[in-house]
Amino acid sequence: MFRMEDFTIYIIDDEEDIRTSLTRSLTKRGYKVESFSSADSFLETYNRTISGCLLLDYGMPEMNGLELQNKLIEMEISIPIIFMTGHGGIPQSVQAIKAGAIDFLEKPFQQKVLLKAIDTAFEQAISFNEDIESANALKAKFETLTAREKEIAEFIVQNPADTSSKNIGRQLDVSPRTVDHHRARVLEKMDVTSVAELIEKAIKSDLFS
Amino acid sequence: MKLSLGAILAIWLSGLQFIAVLSVVSFYFVSSERVLLDHATTLIGEVGRGSTEHSKGFLEPAIRATKLAKRLIESDIVDNNSAEQLEKLLFQQMQVVPQLSGIYYGDDQGNFVYVMRSEKHADFRTKLVKRNNGFISTELIWRDENYNVTRRTTDPTDKFDPRVRPWYIDAKDKRSFIWTAPYIFFSSQSPGITAATPITSASNQFEGVIGVDIEIEEISRFLSGLDIGSSGVAMALSSDRDVIAHPNSNFIRETDQANTLKFVKIDQIEDLVAREAFGNLPNFDQVAAEQEIEAEFKYNDGKYASILIPGSNHDLPWSIAIYAPLSDFIGGIEKNRTRNIWIAMFIAMITGLIGLKIANKINQPIRDFAIRAGHVASGNVSKSNASSQTYPELEEVSETLASEIAQRKTFERIYGLTFSLTSRGMAQISPNDGHFIRVNQQLADTLGYTLKEMADLSIFDILHPEDVDSYLSFQKTLFEDYEYNQEKRYIRKNGEIIWLQVNAFLIRDNKGEPMYAVATIDDRTAQKKAETKINELSRDLSHFARVNMMGQMAEGLAHELNQPLTSITQNVDAALLTLKDLPDADPELIEILNDMDRQAHHGAEIIRALRGLVRKDEGEKSQFDINELLDQTLQLLKPEANELEISIALKAQDIPLVFGNRVQVAQVIMNLTRNAIEAVEASGVSERDITIKTKPQKKFIEIHVIDTGPGIDPDVDLFAQFESSKRDGMGLGLSLSRTLIEANGGKVWYEPKTKGRSRFCFTIPVAVIS
């Protein structure tokens, strides 16, 4: 089970006073906090196995907050981001939220707003974690299938529009009866009750990406 | 129409000839006609008077016979009571006077003796009517010329009474010789007339009347025998307007309703010319009282002369009337006249031809001169084509003209060449109404008209509607002999507005009268447009600068202040949490910390409000030519750079259009270039130049502002707000530039000094052609 101790808040801000004061207040509240003066220094030390969220200043020299967000997306790092800004620039906030940011906080912000955002980020982190775990579990189950079963499972997920045995059989050059047989085995091994559930889970955990 | 000298000479020569000949002919005709007409009138008059005399001569014996009988009776030589004596007397008169057809005597007792010529039984016949106490006897006696009775008879039915006859009554009433009105004898159907005279006793007692009947057929015969011209007519008219004699005796009789013969009235005669000539005389008695009446009249296109000789002036019982056609007298010369006119025309033609020949001869040297003048005028000045036949006056004029024209040609050629070869527009303009007397091709091209079209135009046709009154100042300036020099709007043929610099002055003739204005005209539209664009840009930039600098400052301040406020609130939060862990925390301290938190947020609110007040001008984005924008922006900076003796060069490449906010980009160019100027000026280096380059990249255009200044201290964060390497700088310029370029989707950066030059660069996205 995911616990608060496993959750780290990474503060990235070029202003030292901000880093100090934020670290102080959040630590007092029992959060695990790490702070960085630039995006680059964060990226250098970041370990993607440790879950947490970013408390990211938008306006920084060199790489700014938005650029870091893009970079993380590029690097396929899913970490919840809470933006902070002294400018309150509306266009940037829209862009950030679109790219998946949790919130865009205008400095100075009310503590309860910050805490609520952190809560959201925490829940998101949990969900990220769970997703990863269930995906890993699904993958493990998939590995237990025979080659023919894997083939049929993949065909079902890739062609959800027509999953009749007749069609699958024709496409894979086997008899519909054989398809029926293999499909029953697939559902059993993958621990799902229906073809629909199989498709949903496979897509969610990116089984065949 | 102007006629040549030759034509004038020919027309005048032949025309005058014709008129001269014609006037001689006409004068001859008119004067001879007058003479002949006078002669005709005289002739008619004389014929008339002759006829009158003849009439008198014809009647005279009858009158004499009457008077003789009267005398014999009144002197009692013949007893008027004796029918035998009376008969004898009357018989004798009949024998003597052949004109008489009858003679008679009637007394107041009603006795009547009548001797007449007879065709039956004997030459003469006598009628005797005797009244005696109411008893009437009528005896008829025929006698031969020797007074022998050949037959005797009585007629009891004949109760003739002389006292009731008109001749008797009239003579008795007047007691003098009378003529009765002419009448037609019943028996012979010949016209006749009766003369009567009263017989009185010694005691002047009226006793009876002697009457004679005269046949006047003879008068008609006489009149018809008259030779009046070739077809003149003479007539005798009674005072009752009866025609009693006419050459055609059939014309004078008519039968009335009672079947009695009577004379035709003059206004009803079948001789229509006679009717026209005399029918209109209303009262013949009055007319007859006048002198002779001569007249000329027209009938049926024919001209006639007429005369009326009243008989009363000559003791005649009728008037003589004559008319004759004038053609009888002047027909000959009228025929002559037509022939003469033809002759005149022929002579005029001959002389006209001769005149033409002479005119041609006179005119030849003049025509040669005209041809030569033409040659000279077209620049062919040579003496070789001088005519052999000429006049010294013409020769002199020719020489002068040739040299004048040669001089003018030279001048014209130089002026014309200048006019058409100059690269500027040129025009000759009428100073009075402004129309173009002459323009060169350059001006026509500038205005978009052909030369031909320009010839019909005036300056009003091309003036901008708002500048129409500027022509007045044009006129005024010129007439005061100042040079006109104005830059104004004009309209091209296609309606485009163009700016023309017009430079004009007035040319006067040798009398000082204005001839035309010479104008040189330059098209200033392109410059004017560029200036306008630069001015617009300048205006936009200063507006932009005002709004955005405030916004930028507010923005910057907000950012800078929000940072410490954030730290404060976070620290307060940490302090509160710390305080809560203490068992004996001072509640007042908690309150103080809460207040601080609230006040820090309050400060942030104020800043937010301030920022809201100064909204950033977002501006509109569009496609534009960055080279053009660079050029315009640099124009605005040139004065500043020139003053500091810094040269600015633009090295533009052919690049695509960019997309962004033009004014914002201009502001960035302005900021960077001005920074460069200030850097070069502050450094005091000898090489004082700035170069701006454009460089196309894949999806961007790079703009480099390169200067020879000292470069930037690497410790300064150039693009941060409120940081400046300049002593009096606010640190907003570069920060604003960065904000603006980023807002336009570009980047801005600084490249440190290499080869003595440092450069600021920025990019602008290339416009995507959709």
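The values are calculated or read from the model by the stated rules, or taken from the named source; none is laboratory data. What you are looking at is a predicted structure, and each value in this text was computed from that prediction instead of being measured. Using ideal geometry, Cβ is built from the backbone for each residue, glycine included, and neighbour counts are taken over all protein chains shown.
Here are a few things to note about the model shown:
- Of all residues in the range B:596-619 being more than 10 Å from chain A (Cβ to nearest Cβ) and in a loop (DSSP other than H, G, I, E, B), the one that is modelled with the lowest pLDDT: B:Asp617
- From the options A:Asp13, A:Asp17, residue that is buried (at least 22 other Cβ atoms within 10 Å of the Cβ) and either within 13 Å of chain B (Cβ to nearest Cβ) or of a type in the set (A, V, I, L, M) (or both): A:Asp13
- The range A:28-67, subset among the small types (Gly, Ala, Ser), in contact with a helix residue (DSSP H, G or I) (Cβ under 8 Å, 6 or more places away or on another chain) and within 14 Å of chain B (Cβ to nearest Cβ), residue surrounded by the most Cβ atoms within 10 Å (Cβ to Cβ): A:Gly65
- Enumeration of residues in the range B:93-125 that are assigned to a strand (DSSP E or B) and either of a type in the set (Lys, Arg) or closer than 19 Å to B:Arg151 by Cβ (or both): B:Gly102, B:Val113, B:Tyr114, B:Val115, B:Met116, B:Arg117, B:Phe124, B:Arg125
- A:Pro160 vs. criteria surrounded by fewer than 18 Cβ atoms within 10 Å (Cβ to Cβ) and under 30 Å from A:Ser78 (Cα atoms): yes
- Set B:Phe18, B:Phe27: member being touching a residue at least 40 places away in the same chain (Cβ under 8 Å), in a helix (DSSP H, G or I) and closer than 30 Å to B:Asn340 by Cα: B:Phe18
- Residue-level analysis places A:Leu198 outside the set of residues that are hydrophobic (A, V, I, L, M, F, W, C) and either within 15 Å of A:Pro80 (Cα to Cα) or exposed (fewer than 13 other Cβ atoms within 10 Å of the Cβ) (or both).
To keep it simple, each residue is scored yes or no on (1) closer than 22 Å to B:Ile669 by Cβ; (2) out of contact with any strand residue (DSSP E or B) (no Cβ under 7 Å at 6 or more places or on another chain); (3) within 14 Å of chain A (Cβ to nearest Cβ); (4) part of a helix (DSSP H, G or I).
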residue: B:Ile498; (1), (2), (3), (4): no, no, no, no
residue: B:Lys511; (1), (2), (3), (4): no, yes, no, no
residue: B:Ala530; (1), (2), (3), (4): yes, yes, no, yes
residue: B:Ile534; (1), (2), (3), (4): yes, yes, no, yes
residue: B:Leu537; (1), (2), (3), (4): yes, yes, no, yes
residue: B:Ser542; (1), (2), (3), (4): yes, yes, no, yes
residue: B:Ala558; (1), (2), (3), (4): no, yes, yes, yes
residue: B:Gln563; (1), (2), (3), (4): no, yes, yes, yes
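- Some residue of the range B:37-45 being within 18 Å of B:Gly331 (Cβ to Cβ), at pLDDT below 80 and of a type in the set (Asp, Glu): no
A quick yes/no check of all residues on (1) in contact (Cβ under 8 Å) with a residue 40 or more places away in the chain; (2) surrounded by fewer than 16 Cβ atoms within 10 Å (Cβ to Cβ):
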site	(1), (2)
B:Ile103	yes, no
B:Gln109	no, yes
B:Val113	no, no
B:Met116	yes, no
B:Thr126	no, no
B:Phe135	no, yes
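- Inclusion of B:Ser306 among residues that are polar (S, T, N, Q) and outside any strand (DSSP E or B) is not warranted.
- Note on the range A:1-59: residues that are part of a loop (DSSP other than H, G, I, E, B), more than 25 Å from B:Ala575 (Cβ to Cβ) and not aliphatic (A, V, I, L, M) amount to 10.
- When the range A:137-150 is filtered for residues that are without any contact (Cβ under 8 Å) to a residue 60 or more places away in the chain and surrounded by fewer than 15 Cβ atoms within 10 Å (Cβ to Cβ), the ones remaining, listed by number, are A:Ala137, A:Ala140, A:Glu143, A:Thr144, A:Thr146, A:Ala147.
- Exactly one residue out of B:Leu128, B:Leu90 is assigned to a helix (DSSP H, G or I), touching a helix residue (DSSP H, G or I) at 6+ places or on another chain (Cβ under 9 Å) and modelled with pLDDT of 85 or more: that is B:Leu90.
- Residue match in the range A:74-83 (condition: more than 23 Å from the chain's Cα centre (by Cα) and either under 25 Å from B:His602 (Cα atoms) or more than 9 Å from every other protein chain (Cβ to nearest Cβ) (or both)): no
- Residues of the range B:565-595 that are away from chain A (no Cβ under 12 Å) and either β-branched (Val, Ile, Thr) or touching a residue at least 24 places away in the same chain (Cβ under 8 Å) (or both): B:Ile590, B:Ile592.
- Among the residues of the range B:681-694, some residue qualifies, meaning at least one is closer than 13 Å to B:Ile764 by Cβ and surrounded by 15 or more Cβ atoms within 10 Å (Cβ to Cβ).
- In the range B:51-65, the residues that are out of contact with any helix residue (DSSP H, G or I) (no Cβ under 8 Å at 6 or more places or on another chain) and buried (at least 17 other Cβ atoms within 10 Å of the Cβ): B:Leu59, B:Ala62, B:Ile63
- Lone unmet requirement of (1) over 18 Å from B:Gln667 (Cα atoms); (2) of a type outside the set (Phe, Trp, Tyr); (3) at pLDDT below 85 for B:Ala519: (3)
- Subset tally (residues that are farther than 29 Å from B:Met550 by Cα and modelled with pLDDT of 85 or more) for the range B:735-756: 0
- Any hit, the range A:108-122, residues being among the aliphatic types (A, V, I, L, M), surrounded by 13 or more Cβ atoms within 10 Å (Cβ to Cβ), in contact with a Phe, Trp or Tyr (Cβ under 7 Å, 6 or more places away or on another chain) and farther than 21 Å from A:Arg48 by Cβ: no
- When residues in the range A:68-100 are screened for being surrounded by fewer than 16 Cβ atoms within 10 Å (Cβ to Cβ), small (Gly, Ala, Ser) and at positive phi, 1 of them pass.
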